[in-house]
Amino acid sequence: MMIDLHAHSRASDGTQGPADVLASAAEAGLDVVALTDHDTTSGWDEAAAAVARTGVVLVRGTEISCHHAGVSIHLLSYLHDPQEPGLRAEMDRSRDSRLHRAETMVARLGADLPLTWEDVLEQVDGDATVGRPHIADALVAKGLAADRGEAFATVLSTRSPYFVGHYAPDAVEAVRLVRAAGGVPVFAHPLAVMRGRVVGDDVVEEMVDAGLLGLEVHHRDHDEAAVRHLEELAASLDLLVTGSSDYHGAGKENRLGERTTSPAVLEAVEAHGRLGLVRP
Ligand code: AMP
Ligand code: ZN
Ligand code: FE
Ligand code: FE
C-alpha cells in the first residue's frame, strides 16, 4: 500500500486541478492520497468525483496556516467537518488576509518591476487560496523570474523588502478547533528549517495538550537528524508518524509518493476523523 497524506492542487498553490492530482497519484502508483490545500476545502468535491475513475482512495484534508510565538506553523487537518463554524471562521480570516497581503506585496513589487495585480489574478483559479507561489507564477509569466524557486530565493523571500506577512491563528488554538470539527491534527514538516524559524519541543507538547495527534516526520525538508529527533519525540508523546510528499505539481520538485505513511497510521487517522475516506 502506497499512502501519501499531503498534496496541493489549484484550489491553493499546486499547478494541477484536484481531479488531475488524483490522476497523477494513480500514475505514480499511489493507493491513497490526501488533498491538503492551504486554508481551503474547495477542491474536495472535484477530487472526490475523480475517485471512481482513478481508483485512488481520497483523504479529505487541509493545511492550515498558523503562528505560535512569532513562528509560522503549518497544521494538517484530516477528515474534519468543513461546516464547523469555529475552524471555518479562522480559515476564512486567513484566506482574506492572504488576499490583502498579496495585493500589498504586488503593490510594493510593482513600484520597481513591471508587475500588476491583474498579472497575479491571471494565475489564480476562481476562489483558490492566494499565496506567494501565484505571485511567483506571474513573475515567471512576465519573464521576471526563471521559476518559482528563483522567485522565492529573491524577491519573495521572507527577508525581502517586498515581503508581507498575513493573519494566521495560533497553532495551539487551531489544534483545538480542528478537534472540535472532528478533524485529525498533524503538525506538518515541524523541523523544515529552510522555511524559516521552527518551534521547540515545548510547543509540540503544548499542541499535544490541546489534542494534536501526529507529526509529519518523513518530509523532504527534514534531514536525517531531524527525522530521528521527530521519531523519538513522536514515540515519547504517543503521536502518529506520517510521511508525505507535499506535492505541488510542477510548482515544486516534490514528487507524489516520495515519502509515505503506513497503513496502520492511516487506519488510526480514519478512526479519529469525523468524515470517512472516499473509496472507489
Ligand atoms: P505563502 O503561504 O503565501 O507565504 O507561501 C508559502 C508557500 O509557498 C509554501 O507553503 C510552499 O507551498 C510554497 N513555497 C515555498 N518555497 C517555495 C519554493 N522555493 N518554490 C516553490 N514553492 C515554494
Ligand atoms: Zn503550498
Ligand atoms: Fe507547508
Ligand atoms: Fe504543503
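The values are calculated or read from the model by the stated rules, or taken from the named source; none is laboratory data. No experiment lies behind these values; they were computed from the predicted model shown. Reconstructed Cβ throughout: ideal geometry from the backbone, glycine too, with neighbour counts over all protein chains shown. Note: accessible area is taken over every heavy atom of the protein model, side chains too, but ligands, DNA and RNA are not part of it. Shrake-Rupley method; radii C 1.70, N 1.55, O 1.52, S 1.80 Å.
Per the conditions (1) more than 16 Å from ligand 4 (Cβ to nearest atom); (2) at pLDDT 95 or above; (3) charged (D, E, K, R), the sole criterion not satisfied by residue 197 is (2).
To keep it simple, each residue is scored yes or no on (1) within 16 Å of ligand 2 (Cβ to nearest atom); (2) buried (at least 20 other Cβ atoms within 10 Å of the Cβ).
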position: 7; (1), (2): yes, yes
position: 48; (1), (2): no, no
position: 53; (1), (2): no, no
position: 57; (1), (2): no, yes
position: 62; (1), (2): yes, yes
position: 65; (1), (2): yes, yes
position: 79; (1), (2): no, yes
position: 82; (1), (2): no, no
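So, of the residues in region 164-199 that are of a type in the set (Lys, Arg) and in contact (Cβ under 8 Å) with a residue 60 or more places away in the chain, which turns out to be farthest from ligand 2 (Cβ to nearest atom)? Result: 197.
Taking the residues in region 121-152 that are open to solvent by less than 50 Å² (accessible area, probe 1.4 Å) and in a loop (DSSP other than H, G, I, E, B) as candidates, determine which candidate is nearest to ligand 3 (Cβ to nearest atom). Applying the filter and picking the extreme gives 131. When residue 240 is tested against the conditions (1) of a type outside the set (Ser, Thr, Tyr); (2) in contact (Cβ under 8 Å) with a residue 60 or more places away in the chain; (3) open to solvent by less than 50 Å² (accessible area, probe 1.4 Å), the lone failure is (2).
Does residue 96 satisfy the condition of being over 24 Å from residue 204 (Cβ atoms), at pLDDT 95 or above and out of contact with any Gly (no Cβ under 7 Å at 6 or more places or on another chain)? Yes, satisfied.
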